Amino acid sequence: QVQLVESGGGLVQAGGSLRLSCAASGILFRTIDMGWYRQAHGEQRESVAVISRGGMTNYADSVKGRFTISRDNAKSTLYLQMNSLKPEDTAVYYCNAYDLGTAYWGQGTQVTVSS
């Protein structure tokens, strides 16, 4: 059974930082492409950052230079370091794993950035 458990969300002032974590189980983590997505209230879910099993990364234009995605294959954990946070970064952040044509999602963690 695949499980993705996010943590690290919270309330932060604009300009602050947060680090999200996603602990994965039930998958061979090191062989899986992973990503972070977010969904603001009333909006569609959007891709924030993705990292391939080989470590190649890609970011949404809105977070380039501020967010960093990384992975620790030994710990089966995905990270998202978020710096210089803005109120428009407020959303529920979801961890995603894509394996053999199936997308798996965590339960999400709320990030709220106050102005």
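The values are calculated or read from the model by the stated rules, or taken from the named source; none is laboratory data. Note that this is a predicted model, so its numbers are computed, not measured. With ideal geometry, Cβ positions are generated from the backbone for all residues, glycine too; neighbour counts draw on all protein chains shown. Surface accessibility is based on the protein's heavy atoms, side chains included, excluding ligands, DNA and RNA. Shrake-Rupley method; radii C 1.70, N 1.55, O 1.52, S 1.80 Å.
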Yes/no for residue 56 being farther than 30 Å from residue 115 by Cα and either touching a strand residue (DSSP E or B) at 6+ places or on another chain (Cβ under 7 Å) or among the basic types (Lys, Arg) (or both): no
Qualifying residue in the stretch 69-87 (condition: assigned to a helix (DSSP H, G or I), touching a residue at least 12 places away in the same chain (Cβ under 8 Å) and either surrounded by 14 or more Cβ atoms within 10 Å (Cβ to Cβ) or not hydroxyl-bearing (Ser, Thr, Tyr) (or both)): yes
Residues within the stretch 23-65 that are of a type in the set (Val, Ile, Thr) and closer than 14 Å to residue 80 by Cβ, tallied: 5
Subset of the stretch 29-55 (residues that are part of a loop (DSSP other than H, G, I, E, B) and within 14 Å of residue 78 (Cβ to Cβ)): 32, 52, 53, 55
Any hit, the stretch 94-109, residues being over 13 Å from residue 24 (Cα atoms), open to solvent by 60 Å² or more (accessible area, probe 1.4 Å) and hydrophobic (A, V, I, L, M, F, W, C): yes
